[in-house]
Amino acid sequence: MVNRRKSSSTNVIAEERIRTLFTEAEKAFSHAPALAHRYVAMARKIAMKTKTRIPPMLKRQFCKFCYKYLQPGVNARVRVRQGKVIVSCFECKKFMRIEVHKK
């Protein structure tokens, strides 16, 4: 069985839908957080099914452990320390470290 990659048009459509779901999650979070979390789950499923990467800026908007949508100041804390951005999730009490590269 040969492992074939999806066509580039499929990847473009998938990435467009992922971006749309994240914008909808941002809009819905204030009045329906559960719906925003559902949009993130749907975006992840699309990415896994089509084997496309979620863009790095969107990857930072959800928790890597519980996959909930993160809104800084509401259900997440963002701190900068020793050249790293530390994002703490209030839902699962875990944190992510994102290294900052100097240009």
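Bear in mind these aren't lab numbers, they're just calculated from the coordinates by the rules spelled out. The structure presented is a predicted model; accordingly, all values stated were derived computationally and were not measured. Cβ placement follows ideal geometry from the backbone for every residue including glycine, while neighbour counts extend to all protein chains displayed.
Filter the stretch 72-103 down to residues that are in contact with a Phe, Trp or Tyr (Cβ under 6 Å, 6 or more places away or on another chain) and surrounded by 16 or more Cβ atoms within 10 Å (Cβ to Cβ) and give me whichever is farthest from Ile18 (Cα to Cα). Explain how you work it out, then say what you get.
Filtering the stretch 72-103 for residues in contact with a Phe, Trp or Tyr (Cβ under 6 Å, 6 or more places away or on another chain) gives 75, 86, 88, 92, 94.
Going one step further and asking which of them are surrounded by 16 or more Cβ atoms within 10 Å (Cβ to Cβ), we end up with 75, 88.
Values: Asn75: 22, Ser88: 23 Å.
Here the residue is Ser88.
Restricting to the stretch 46-63, and then to whatever is in a helix (DSSP H, G or I) and not small (Gly, Ala, Ser), can you tell me which residue is surrounded by the most Cβ atoms within 10 Å (Cβ to Cβ)? Please lay out each step first, then the result.
So the first thing to find is which residues in the stretch 46-63 are in a helix (DSSP H, G or I), and the list is 46-50, 56-59.
Going one step further and asking which of them are not small (Gly, Ala, Ser), we end up with 46, 48-50, 56-59.
Values: Ile46: 17, Met48: 10, Lys49: 11, Thr50: 17, Pro56: 8, Met57: 9, Leu58: 19, Lys59: 14.
By that ranking, first place goes to Leu58.
Mind listing just one residue for me: the one in the stretch 23-45 that is free of Cβ contacts under 8 Å to residues at least 40 places away in the same chain and buried (at least 19 other Cβ atoms within 10 Å of the Cβ) and, of those, nearest to the chain's Cα centre (by Cα)?
Val40
Specify the residue that is nearest to Glu26 (Cα to Cα); the eligible residues are those in the stretch 64-100 that are small (Gly, Ala, Ser) and not in a strand (DSSP E or B).
Quick first cut of the stretch 64-100, residues small (Gly, Ala, Ser) only: 73, 76, 83, 88.
Narrowing the set further to residues that are not in a strand (DSSP E or B) leaves 73, 83.
Details: Gly73: 14, Gly83: 27 Å.
Top of the filtered list is Gly73.
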